[in-house]
Amino acid sequence: MRAFFHPDQHLHDPKQFMRVGRISAPTDLPSRTDALLGALRSHGIEPEMPADYGISPALTIHKQHYLDFLATAYERWVEIPNAGPEVLPNVSPYWNGSPDRDGRPPCRSQSVIAQAGYYLGDLAVPIGPNTWRSALTSTHTAAAAADAIVAGADTAYALCRPSGHHARTDRATGFCYLNNSAIAAERLRTRFRRVAVLDVDAHHGDGTQEIFYRRDDVLTVSVHVHPDAYYPFFIGYEDERGSGNGEGFNLNIPLPPRSDDAAFLAAVDRGAEAVEAFEAEALVVALGYDSHREDPIGLLNVSTEGFRGVGERVARLGIPTVVVQEGGYQISVIGACLSEFITGLGGGKRTV
């Protein structure tokens, strides 16, 4: 298995996020990547440095006006008298989600305060001095892994940080700024006719779902805690099946809180069956470890060994696969979770 990582992904260092009405210490710490790099090296996998792709991969998914905001927001923010240490929204626009539009127009106001409310969907996506650089190089990591598959590799792992599956075409939410899994899937479409995304993070992959919701060439499947009880709350329900040409090409498999290995892996089995029925030619696995029972913001009861089962099920599909790193915030266990996943992946049809 080839793996990719850029050291600039360490640089994003958030200082705060809102949780249950309280400004809390961050959980997306730079040290997360150290734990995952250690797991890769324990399997003899040395990550490769991705090339500098610029904004080209991000532009296949995201709007230019949104990227412009991310690239300039911090420098504009610190010019405001008495501004806080990071860009966070304190206003939010009303938007009716007109189905006849592919996306929102640029924010009408040029104020960075207004644009923060327009482009940042919650208080979990602070923008600091290095956020843009880390998010951009994370897209390079995802693009490099997808390009490895396009060139003929069986499996490639993109150690992405920050995560991406909550990011919409023009909005950051839930620790996510640019949608690495969607970027990888779109890049795989340059070679493969049908691509599937199997998201096994504890949170619903709402950004990925929305990006592909009207398309029939990318199947989106998400196994996650039921949104009635868990972020992102407003999306991720079973009756969301796609729209227009995409009708029937989105599958949500929500789980009750405290679901264990058996329930979790049964849901992954159901997702894998959907991937097979779709006759996907390539796969993106959005891999999060916040399903682990020790995760500080998780609600599931999945063991470390449970991730070996995920790897085994991915391997049995026997199709070219990009694994994109999403969440997982208990640093003491995430390296072991990745190690178990890699072991499971090597126990199936392909070798690590």
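What follows is calculated from the coordinates using simple rules that are stated; it is not laboratory data. What you see is a predicted model, and the numbers here were worked out from it, not measured in a lab. All Cβ positions, glycine included, derive from the backbone under ideal geometry; neighbour counts span all protein chains shown.
List of remarks:
- Rg [Å, one decimal], Dmax [Å, integer] - the chain, C-alpha atoms: 18.6, 59
- Radius 14 Å from Cβ of PRO7, net charge of other residues (Lys, Arg +1; Asp, Glu -1): -3
- Once Rg and the Kirkwood radius are both taken over the C-alpha atoms of region 196-301, their ratio Rg/Rh works out to 0.95.
- With both residues required to sit in the chain, DSSP beta bridges show an antiparallel share near 15%.
- When the P(r) of region 52-151 is calculated, the portion above 16 Å amounts to 62% of the C-alpha pairs.
- In percent, rounded to a whole number, the relative contact order of the chain is 18, using alpha-carbon pairs under 8 Å and six or more apart.
- Extension gain for ASP68 to ARG41 (0.36 nm times residue separation, less C-alpha to C-alpha distance): 6.1 nm.
- As a rough guide to protection, the peptides 171-178, 231-238, 53-60 ranked by mean Cβ packing within 10 Å, highest first, stand as 171-178, 53-60, 231-238.
- Take every Cα pair under 8 Å whose residues are at least 6 apart in sequence, average their separation, divide by the length of region 29-166, and the relative contact order is 28 percent.
- Within-12-Å neighbourhood charge of GLY309 [Cβ basis; K, R +1; D, E -1]: -3
- Put simply, the convex hull of the Cα atoms in region 260-352 casts, on average, a shadow of 5.4 nm².
- With the Kirkwood sum run over all distinct C-alpha pairs, region 304-350 has a hydrodynamic radius of 10.8 Å.
- Net lengthening on full extension, GLU247/ASP269 (0.36 nm per residue, minus Cα-Cα): 5.7 nm
- Working ranking of peptides 212-222, 22-32 by packing, defined as the average number of other Cβ atoms within 10 Å per residue, highest first, is 212-222, 22-32.
- Summing +1 for each Lys or Arg and -1 for each Asp or Glu among the other residues whose beta-carbon sits under 15 angstrom from that of ALA182 gives -2.
- Hull shadow area, averaged, region 75-216 [alpha-carbon convex hull, nm²]: 9.7
- The Cα trace of region 198-249 gives Rg and Dmax of 10.5, 31 Å, the first to one decimal, the second as a whole number.
- Protection proxy ranking, peptides 116-128, 192-204, average beta carbon neighbours within 10 Å, highest first: 192-204, 116-128
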